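Asker: Shown below is the structure under consideration.
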Amino acid sequence: MLACDTCDTWTQFIDYVKTRCTATAFGNWLKPIRVLKASAEEIVLEVPNVFVKEYLLTNYQKELCTFLPLDPNGEPAIQFVIAAPTKDHPQPAPQPIVKELPQKKNGPTVKLNPSYRFDTFIEGPSNQFVKSAALGIASRPGLSYNPLFIHGGVGLGKTHILQSIGHHILENHSKLRVQCITTEAFINDFVDNLRNKSVHNIKRHYRDEVDVLLVDDIQFLQNRLNFEEEFCNTFETLINQNRQIVITSDKPPSQLKLSERMIARMEWGLVAHLGVPELETRVAILQHKAQLRGLNIPNKIAFYIAEHIYSNIRQLEGAVNRLCAQCLLLDLNITEEIVEKSLREMLHHAPQKKISVEQILKSVATIFQVRVSDLKGSGRTKDIALPRQVAMYLALKLIKESLQSLGTYFGRTHSTLLHACKNIEKRLGSDEVLRRQISMVEQNINA
Ligand code: ADP
Ligand code: MG
């Protein structure tokens, strides 16, 4: 869906530019650009030559930033591909596929995104635990939980938290050498050095020249047997010297297809779960992101957006970017009508199976072996209270309705629902059995 969103915003950018430059300039510079691929993270553009790329970047930097996704350096995330020469567009000089990344001498350090900091990470019940654990280890690297293992779904802020740790340590412990890498970069680094027969250099680098290792997306180590062992050795060397390791993943350690040894190592320290933020937190994030872009979103509208986009913060940001682009550049006032139109287009591409509270109650009743009538009733025994809270948690997570209206299904107030959700989120951080049960309920609902 977001792929289409980026495509749409590219079209909006082109429409915007068209009205602001001469027809000749438009025909020479902008018309020949083709979109090859678009995703929420970047757009791939085919240009006839490098001059078109330069023209675009030099003249429309600000607008590109507003309309398109941004890379970790805050630049528009565009990959340029130079088209093969044709009669119409002879190639001035052969150009490589652009987007060179600065290479560091020592390993593929990720440049920290300047906006991924603790003070820009909005806190709520779903992420409080992770944030305070992250702040704890950033204040005393290597001296508290080691490793810190953060897991959670896509777009919920794992990379943001990981890089916040990096910033905090660099600023407060300037002597420590921090390396932030993606798991893919770690693997590529080893592959490159194997090829150059300098693998001992890279091993030495990771083991002797790094005090804090921040590893993003460890799930990419699955099915990479040789690298898994290499990573495990590096990991043990660092931990034995009290060097801090932080790992992020889309699943908890036990659900990763990795060796028992590796899983056990990752469970050595603290395993923390990053949940889906509740409505109020989503509203706060949304308003914060809009303010960064110079737009104030009134409460009522912010609630409307956050009620419709609920499972992924990146998606929420996409909506904000889109609204900001429309309102600031096209000089529109933000109204419910505009929001509804934008969102309708955004959500239009991802028709979601509509899930009902009844379906959730039935599945919860099956998995937890209780009766639906008990879940709806008022009995407060422990056997019923937990599954009932799970049903409320899932209703909030899976159904696009306001807290108030969901509350009425359960005959409870919205604060009871929030409390239930908070309690389940908290337990999910440490209760593996509950996590499995909830995942079984979800599978049952979708079956
Ligand atoms: P993940 O790595 O889990 O897929 P990211 O860390 O890339 O997710 O987060 C996606 C986007 O959502 C980022 O732009 C990030 O800044 C934003 N985000 C996620 N959670 C929060 C939060 N609690 N406060 C502010 N921004 C957030
Ligand atoms: Mg990430």
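The values are calculated or read from the model by the stated rules, or taken from the named source; none is laboratory data. On a predicted model such as this, the values are computed, not experimentally measured, just so you know. As a convention, Cβ positions derive from the backbone with ideal geometry for all residues, glycine included, and neighbour counts pool all protein chains shown.
Asker: Please go through the range 386-401 and pick out each residue that is closer than 13 Å to Leu279 by Cα and in contact with a Leu (Cβ under 8 Å, 6 or more places away or on another chain).
Answerer: Result: Ala395, Leu396, Ile399.
Asker: I'd like to check something: does the range 192-203 contain any residue that is within 16 Å of ligand 1 (Cβ to nearest atom) and either outside the structural domain of Ser430 (by TED's automatic domain parsing) or buried (at least 17 other Cβ atoms within 10 Å of the Cβ) (or both)?
Answerer: No; the residues of the range 192-203 include none that is within 16 Å of ligand 1 (Cβ to nearest atom) and either outside the structural domain of Ser430 (by TED's automatic domain parsing) or buried (at least 17 other Cβ atoms within 10 Å of the Cβ) (or both).
Asker: For Ala264, which of the numbered conditions (1) within 16 Å of ligand 2 (Cβ to nearest atom); (2) without any contact (Cβ under 8 Å) to a residue 12 or more places away in the chain fails to hold?
Answerer: So the condition that Ala264 fails would be (1).
Asker: Okay, next question. In the range 318-333, how many are surrounded by fewer than 20 Cβ atoms within 10 Å (Cβ to Cβ) and either within 16 Å of ligand 2 (Cβ to nearest atom) or among the hydrophobic types (A, V, I, L, M, F, W, C) (or both)?
Answerer: 4
Asker: Additional query: I'm told Asp217 meets every condition in (1) of a type outside the set (Phe, Trp, Tyr); (2) at negative phi; (3) buried (at least 18 other Cβ atoms within 10 Å of the Cβ) except one. Can you identify the failing condition by its number?
Answerer: All conditions pass for Asp217, except number (2).
Asker: If you don't mind, another one. Say we look at the range 293-316 and pick out the residues that are outside any helix (DSSP H, G or I) and farther than 20 Å from Thr9 by Cβ; which of these is farthest from ligand 1 (Cβ to nearest atom)?
Answerer: Checked the range 293-316; the qualifying residue farthest from ligand 1 (Cβ to nearest atom) is Pro298.
Yes/no per residue for (1) surrounded by 18 or more Cβ atoms within 10 Å (Cβ to Cβ); (2) away from ligand 2 (no atom under 16 Å from the Cβ); (3) among the polar types (S, T, N, Q):
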{"residue": "Phe231", "(1), (2), (3)": "yes, yes, no"}
{"residue": "Thr234", "(1), (2), (3)": "yes, yes, yes"}
{"residue": "Pro253", "(1), (2), (3)": "yes, yes, no"}
{"residue": "Asn296", "(1), (2), (3)": "no, yes, yes"}
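Yes/no matrix, rows are residues, columns are (1) assigned by TED's automatic domain parsing to the domain that holds Glu228; (2) on the phi < 0 side of the Ramachandran plot; (3) at pLDDT 95 or above; (4) surrounded by fewer than 21 Cβ atoms within 10 Å (Cβ to Cβ):
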site	(1), (2), (3), (4)
Pro125	yes, yes, no, yes
Ser132	yes, yes, yes, yes
Leu135	yes, yes, yes, yes
Leu143	yes, yes, no, yes
Phe149	yes, yes, yes, no
Gly153	yes, yes, no, yes
Lys158	yes, yes, yes, no
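Asker: In the list Ala325, Ala290, Ala319, which residue meets the criterion of being over 18 Å from the mean Cα position of the chain (by Cα) and either part of a helix (DSSP H, G or I) or away from ligand 1 (no atom under 16 Å from the Cβ) (or both)?
Answerer: Of Ala325, Ala290, Ala319, the one residue that is over 18 Å from the mean Cα position of the chain (by Cα) and either part of a helix (DSSP H, G or I) or away from ligand 1 (no atom under 16 Å from the Cβ) (or both) is Ala325.
Asker: Being farther than 20 Å from Ile218 by Cα and among the small types (Gly, Ala, Ser) is the filter; apply it to the range 268-292 and report the residue that is surrounded by the fewest Cβ atoms within 10 Å (Cβ to Cβ).
Answerer: The qualifying residue surrounded by the fewest Cβ atoms within 10 Å (Cβ to Cβ) is Ala284.
Asker: Give, as residue ranges, the helices (runs of 4 or more DSSP H) completely inside the range 1-94 that count at least 1 residues that are farther than 24 Å from Glu317 by Cα and at pLDDT below 90.
Answerer: Filter on the range 1-94 gives 2-18, 50-59.
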